[in-house]
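Structure record follows, encoded as structure tokens.
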Amino acid sequence: MGRYFGTDGVRGLANGDLTPELALAVAGAAARVLIGHDPSHRPLAVIGRDPRASGEMLEAAVVAGLASAGADVLRVGVLPTPAVAFLTAEFGADLGVVLSASHNPMPDNGIKLFARGGHKLPDVIETEIETLVDAGPLTGRPTGEAIGRVHDADDADERYLAHLLRAVPQRLDGLRVVVDCSHGAASHVAPEAYRRAGATVIALAAEPDGININDGVGSSHIESLAKRVVAEGADLGIAHDGDADRCLAVDHTGAEVDGDQILAVLALAMRERSALRSDTVVATVMSNLGFKLAMEREGLSFVQTAVGDRYVLEAMKEHGYALGGEQSGHVIILDHATTGDGTLTGLLLAARVAQSGRTLRDLASVMERLPQVLINVPDVDRSRVSTSAELATAVADAERELGSTGRVLLRPSGTEPLVRVMVEAADIDHARSVAGRLADAVKSALG
């Protein structure tokens, strides 16, 4: 059986790995699995995309696949991934589809699916869809008036903007904000959301042409935002990726504020509003040790998960927690979203600055980022990371050396034959030294 779904949907080189034929097959299979084959029910699917040129082609294929399975299709146009998740619930749709490769370069594209209510699919459903794709063209397709119809939702962006503004606890009047939209899906709605919330907005990389998405801009290239914030004398800057499901920031001096720091700032703000359920934040094993130490110092609990926003979300839903996220800037505020929403995160961060009267630099200082060194060790047997006695001894020695002010993490890549070695320490040179020795140990034990 083919494995089409990765950690975040189906993704690959558009018209190479991800062809219109595959897009049509995935859409038809998803409709059959998620919607079923009930003639008495007229299903509805919502589809949106980022502005990549290949999205136009793939959208046509996905719409055809959905309609041929008997689903009516509501096109919402170019909007962020979290907007499509919200609109899937807002329109009472049975299925949501996003065409985007997030922060990947322009030639790539992807298909992300949402079930009813705008929720990401569990692994078992993805496997069912893959099985149906491999089985070939669907049989028993509807004909005549039972074929799905296609419509455009002209008010989709206004619905999403209204949803965002309802979630903002404090107007942003008086704030000057630079928003880097990565020439992506949020190029219209993100600057507009900040403006309607009261901020003076300078939009950066907000002129998508289908080709320039993520090209030296956005959350993966935050340097241009930092320079613009300083040049404009802005209070803060917000950076999104191509589909705006993540948010990073810079303070008024141009210093980066990463996902861990954003989580820390929002956690304290939500606790003040009695919105942080169980006084608990969910984050991944890649979160900086400084985040964990800050939360402990502030009397908050910290639940750790595997890497990936889907695992953060699973822990939040299982235990009813309100806030979670990743160092990369995927932040989930479960009272207002079913997935990471970069624009919502940025609005709440700016609202905290406005409400507190403090600079973002001051707010982010609640945690001190410990120096973190990451080394990728290629061409090793990643499957033996947890079973190698030699490697276990090396890790134990490193942990004793670092003590309570450092941390070691060895993580096999999910897609490549390599092992990631991450070391945190109070001193960057110490972290580099320990990481280098552990990388050598990985080569020796697993090479």
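Identify, please: which residue in segment 382-411 is assigned to a loop (DSSP other than H, G, I, E, B) and under 29 Å from the mean Cα position of the chain (by Cα) and is, among those, nearest to A425 (Cα to Cα)? Steps first, please.
As a first pass, look at segment 382-411 and keep what is assigned to a loop (DSSP other than H, G, I, E, B): 385-388, 406.
With the extra rule that they be under 29 Å from the mean Cα position of the chain (by Cα), the set shrinks to 385-386, 406.
On the way: V385: 22, S386: 23, G406: 4 Å.
Going through the qualifying residues, I end up with G406.
Pick from A30, A67: which is touching a helix residue (DSSP H, G or I) at 6+ places or on another chain (Cβ under 8 Å) and either among the charged types (D, E, K, R) or assigned to a helix (DSSP H, G or I) (or both)?
Step by step, each of A30, A67 is checked, and only A30 is touching a helix residue (DSSP H, G or I) at 6+ places or on another chain (Cβ under 8 Å) and either among the charged types (D, E, K, R) or assigned to a helix (DSSP H, G or I) (or both).
From the list A431, A351, A394, pick out the single residue that is open to solvent by 20 Å² or more (accessible area, probe 1.4 Å) and among the aliphatic types (A, V, I, L, M).
Of the residues listed, the single one that is open to solvent by 20 Å² or more (accessible area, probe 1.4 Å) and among the aliphatic types (A, V, I, L, M) is A394.
Restricted to segment 251-266, and to residues that are open to solvent by less than 10 Å² (accessible area, probe 1.4 Å) and not acidic (D, E), which residue is farthest from V303 (Cα to Cα)?
Looking at residues that are open to solvent by less than 10 Å² (accessible area, probe 1.4 Å) and not acidic (D, E), I get V257.
S219 versus (1) assigned to a strand (DSSP E or B); (2) open to solvent by 10 Å² or more (accessible area, probe 1.4 Å): which is the lone unmet condition?
Among (1) assigned to a strand (DSSP E or B); (2) open to solvent by 10 Å² or more (accessible area, probe 1.4 Å), S219 violates only (1).
Answer yes if at least one residue in segment 354-366 is at pLDDT 95 or above, surrounded by fewer than 18 Cβ atoms within 10 Å (Cβ to Cβ), touching a helix residue (DSSP H, G or I) at 6+ places or on another chain (Cβ under 8 Å) and within 25 Å of H430 (Cβ to Cβ), and no otherwise.
Yes; the residues of segment 354-366 include at least one that is at pLDDT 95 or above, surrounded by fewer than 18 Cβ atoms within 10 Å (Cβ to Cβ), touching a helix residue (DSSP H, G or I) at 6+ places or on another chain (Cβ under 8 Å) and within 25 Å of H430 (Cβ to Cβ).
Pairs, please: C-beta under 6 Å, at least 6 apart or cross-chain, first residue free of Cβ contacts under 8 Å to residues at least 12 places away in the same chain and in segment 194-205, second open to solvent by less than 10 Å² (accessible area, probe 1.4 Å) and of a type outside the set (A, V, I, L, M)?
Close Cβ pairs satisfying both conditions: none exist.
I'd like to verify a number: residues in segment 152-189 that are in a loop (DSSP other than H, G, I, E, B) and either touching a residue at least 24 places away in the same chain (Cβ under 8 Å) or not charged (D, E, K, R) (or both), how many? Walk me through it before giving the result.
Our first condition is that a residue be in a loop (DSSP other than H, G, I, E, B); within segment 152-189, this holds for 153-155, 168-175, 181-188.
Adding the requirement that they be either touching a residue at least 24 places away in the same chain (Cβ under 8 Å) or not charged (D, E, K, R) (or both) leaves 153, 168-175, 181-188.
Total meeting the criteria: 17.
How many residues does segment 210-232 contain that are under 23 Å from the mean Cα position of the chain (by Cα) and among the acidic types (D, E)?
So in segment 210-232, the residues under 23 Å from the mean Cα position of the chain (by Cα) come out as 210-226.
This time we only want the ones that are among the acidic types (D, E), so: 215, 223.
Number satisfying all stated conditions: 2.
Every residue in segment 44-69 that is of a type outside the set (A, V, I, L, M) and open to solvent by 10 Å² or more (accessible area, probe 1.4 Å), please.
Once the filter is applied, which keeps residues that are of a type outside the set (A, V, I, L, M) and open to solvent by 10 Å² or more (accessible area, probe 1.4 Å), segment 44-69 yields R49, P51, S54, E56, E59, S68.
From S301, S287, S328, grab the single residue that is of a type in the set (S, T, Y) and more than 23 Å from S219 (Cβ to Cβ). Spell out how you get there, then give the answer.
Working: S287 fails: more than 23 Å from S219 (Cβ to Cβ); S328 fails: more than 23 Å from S219 (Cβ to Cβ).
On inspection, the qualifying residue turns out to be S301.
Quick one: S224 ticks every box in (1) touching a residue at least 40 places away in the same chain (Cβ under 8 Å); (2) touching an Asp or Glu at 6+ places or on another chain (Cβ under 8 Å); (3) open to solvent by less than 20 Å² (accessible area, probe 1.4 Å) bar one, so which box is it?
If we test S224 against (1) touching a residue at least 40 places away in the same chain (Cβ under 8 Å); (2) touching an Asp or Glu at 6+ places or on another chain (Cβ under 8 Å); (3) open to solvent by less than 20 Å² (accessible area, probe 1.4 Å), just (3) comes out false.
Can you tell me which of A269, A294, A275 is farther than 19 Å from G329 by Cα and either outside any strand (DSSP E or B) or aromatic (F, W, Y) (or both)?
A275
Can you find even one residue in segment 246-260 that is in contact with a Phe, Trp or Tyr (Cβ under 7 Å, 6 or more places away or on another chain), on the phi < 0 side of the Ramachandran plot, of a type in the set (A, V, I, L, M) and modelled with pLDDT of 95 or more? Quick ask: steps written out before the conclusion?
Residues of segment 246-260 in contact with a Phe, Trp or Tyr (Cβ under 7 Å, 6 or more places away or on another chain): 260.
If we keep only those that are on the phi < 0 side of the Ramachandran plot as well, we get 260.
Add one more test, that the residue is of a type in the set (A, V, I, L, M), and what stays is none.
No - not one qualifying residue is present in segment 246-260.
Within segment 230-247, can you find the residues that are open to solvent by 10 Å² or more (accessible area, probe 1.4 Å) and touching a helix residue (DSSP H, G or I) at 6+ places or on another chain (Cβ under 7 Å)?
Listed by number, the residues that qualify are D235, R246.
Give all pairs with beta carbons closer than 8 Å in which a residue from segment 368-390 that is closer than 14 Å to G436 by Cα meets a residue that is basic (K, R) and open to solvent by less than 80 Å² (accessible area, probe 1.4 Å); count only pairs at least 6 apart in sequence or on separate chains.
So the pair list comes out as L374/R420; I375/R420; N376/R420; V377/R420.
Go through segment 308-325 and report how many residues are touching a residue at least 40 places away in the same chain (Cβ under 8 Å) and more than 12 Å from the chain's Cα centre (by Cα).
Of the residues in that region, 5 qualify.
Quick check on V442: is it over 24 Å from L248 (Cβ atoms), under 24 Å from the mean Cα position of the chain (by Cα) and touching a residue at least 12 places away in the same chain (Cβ under 8 Å)?
no
For segment 71-99, enumerate the residues that are surrounded by fewer than 24 Cβ atoms within 10 Å (Cβ to Cβ) and not hydrophobic (A, V, I, L, M, F, W, C).
If the condition is that a residue be surrounded by fewer than 24 Cβ atoms within 10 Å (Cβ to Cβ) and not hydrophobic (A, V, I, L, M, F, W, C), then D72, R75, G77, E90, G92, D94 are the ones that fit.
In segment 372-406, how many residues are out of contact with any Gly (no Cβ under 8 Å at 6 or more places or on another chain), closer than 19 Å to S328 by Cα and either among the aliphatic types (A, V, I, L, M) or modelled with pLDDT under 90 (or both)?
Counting residues in segment 372-406 that are out of contact with any Gly (no Cβ under 8 Å at 6 or more places or on another chain), closer than 19 Å to S328 by Cα and either among the aliphatic types (A, V, I, L, M) or modelled with pLDDT under 90 (or both) gives 3.
Could you please give the count of residues in segment 412-435 that are part of a strand (DSSP E or B) and in contact with a helix residue (DSSP H, G or I) (Cβ under 9 Å, 6 or more places away or on another chain)?
Step one: list which residues in segment 412-435 are part of a strand (DSSP E or B), which gives 412, 418-424.
Keeping just the survivors that are in contact with a helix residue (DSSP H, G or I) (Cβ under 9 Å, 6 or more places away or on another chain) gives 412, 418-419, 421-424.
Count: 7.
Please go through segment 271-317 and pick out each residue that is touching a Lys or Arg at 6+ places or on another chain (Cβ under 9 Å), surrounded by fewer than 17 Cβ atoms within 10 Å (Cβ to Cβ) and of a type in the set (D, E).
Within segment 271-317, D279, E298 qualify.
For segment 367-379, how many residues meet the condition of being at positive phi and open to solvent by less than 50 Å² (accessible area, probe 1.4 Å)? Step through it out loud before you land on a result.
To start, the set of residues in segment 367-379 that are at positive phi comprises 379.
Next cut, open to solvent by less than 50 Å² (accessible area, probe 1.4 Å) only: none.
Qualifying residue count, segment 367-379: 0.
The values are calculated or read from the model by the stated rules, or taken from the named source; none is laboratory data. Model, not experiment: these values are computed from the prediction. Note that we place each Cβ from the backbone using ideal geometry, even for glycine, and neighbour counts take in every protein chain shown. Surface accessibility is based on the protein's heavy atoms, side chains included, excluding ligands, DNA and RNA. Shrake-Rupley method; radii C 1.70, N 1.55, O 1.52, S 1.80 Å.
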